[in-house]
1. Being open to solvent by 30 Å² or more (accessible area, probe 1.4 Å) and hydrophobic (A, V, I, L, M, F, W, C) is the filter here; which residues of the stretch 94-138 pass it?
2. Looking at this structure, is residue 157 at negative phi, open to solvent by less than 20 Å² (accessible area, probe 1.4 Å) and in a helix (DSSP H, G or I)?
3. Within the stretch 79-93, track down each residue that is open to solvent by less than 10 Å² (accessible area, probe 1.4 Å) and within 15 Å of the ligand (Cβ to nearest atom).
4. For the stretch 180-210, name all the residues that are open to solvent by less than 20 Å² (accessible area, probe 1.4 Å) and either among the aromatic types (Phe, Trp, Tyr) or in contact with a Leu (Cβ under 6 Å, 6 or more places away or on another chain) (or both).
5. Can you confirm whether residue 241 is closer than 25 Å to residue 16 by Cβ, touching a residue at least 60 places away in the same chain (Cβ under 8 Å) and of a type in the set (Phe, Trp, Tyr)?
6. Exactly one of these conditions fails for residue 247: (1) in contact with a helix residue (DSSP H, G or I) (Cβ under 8 Å, 6 or more places away or on another chain); (2) modelled with pLDDT under 95. Give me its number.
7. Do you know which of the residues in the stretch 211-224 that are over 12 Å from residue 188 (Cα atoms) and not basic (Lys, Arg) is most open to solvent (accessible area, probe 1.4 Å)?
Amino acid sequence: MTNNIAGKVIIVTGASSGMGAAAARHLAGHGASIVLAARRTDRIEGIVDDITGSGGQAIAVETDVTRLEDMQRLAKAAIDAFGRIDVLMNNAGLMPLSPLERLKVDEWNQMIDVNLRGVLHGIAAVLPHMQERKSGHIITTASVAAYKVFPASAVYSATKFALRGLTEGLRQEVKPYNIRTTLISPGAVTTELLDHISEADVQSANQDYVGKVGIPAESFARMVAFAVSQPDDVDVNEIVFRPTAQEL
Ligand SMILES: NC(=O)c1ccc[n+]([C@@H]2O[C@H](COP(=O)([O-])OP(=O)(O)OC[C@H]3O[C@@H](n4cnc5c(N)ncnc54)[C@H](OP(=O)(O)O)[C@@H]3O)[C@@H](O)[C@H]2O)c1
């Protein structure tokens, strides 16, 4: 892999567990300076200790992506610590799946707030800085659910479908500023994502499935590294990957 990663300043949201944590560790291993963002500060501080303990550079910033001011504070913390932002990895997300007829309206709103509004807040927080520098890369975690709807996924899929539209619009608009955009859509990856499904029957069906076919979070980290590591004139716009065993 061409290393266009070393020395880059990379913000990762949802860095406290699963794919965000794996991406943060992997990119730090390739020499990037990482700004880890999440609400669980004990988790992100622990990862910072691991990274800095092995000679890497990282800081942790408590962030709730549903709050624009938190995302703006996060961007400022990255610039204060490392001088600039090269990559924003918009990765925080929730998947409390349920059939629509169960009317879990609070969970619908939470998914819209984190999965969609959180990404918009990320874009708002870094875009002026990247435009001014005429350089940058905004990566967003969508899902295979951005292409397919499966039982109980209507609202989750709606938020992830929306990210496809958003990222394509962003791609077109930021061309004059030399900014790259990448949408990464994983299939079943073994993380904590299913822990927050409140409907027991939906949770156990998904746990059974992901337990059978799920692949490790490092698979996602390698996709992120692939996109970031391309030469500056190469813009990887979409990556869809699944476990080889996944049908959907
Ligand atoms: N695992 C899969 O099979 C799969 C497949 C396709 C797409 N995805 C997507 O991948 C992304 C990462 O999920 P994961 O699978 O790694 O699950 P995970 O282990 O549950 O990680 C989710 C991350 O999102 C963060 N988060 C949630 N709400 C937040 C908020 N309001 N503000 C800031 N951070 C918040 C969590 O941090 P805190 O709780 O500490 O804030 C955590 O770090 C999500 O966007 C998910 O939709 C996952």
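The values are calculated or read from the model by the stated rules, or taken from the named source; none is laboratory data. As the structure is a prediction and not an experimental result, all values here were calculated from the model. A quick note on method: Cβ atoms are made from the backbone with ideal geometry, for glycine too, and the neighbour counts reach across all protein chains shown. The area values use the complete protein model at the heavy-atom level, side chains included, leaving out ligands, DNA and RNA. Shrake-Rupley method; radii C 1.70, N 1.55, O 1.52, S 1.80 Å.
1. If the condition is that a residue be open to solvent by 30 Å² or more (accessible area, probe 1.4 Å) and hydrophobic (A, V, I, L, M, F, W, C), then 100, 103, 105, 108, 112, 116, 120, 124, 127 are the ones that fit.
2. In short, yes.
3. Across the stretch 79-93, the qualifying residues are 88, 89, 90.
4. Of everything in the stretch 180-210, those that are open to solvent by less than 20 Å² (accessible area, probe 1.4 Å) and either among the aromatic types (Phe, Trp, Tyr) or in contact with a Leu (Cβ under 6 Å, 6 or more places away or on another chain) (or both) turn out to be 181, 197, 202.
5. Judged against the criteria, residue 241 is not a match.
6. All conditions pass for residue 247, except number (1).
7. Ranking the candidates gives 218 first.
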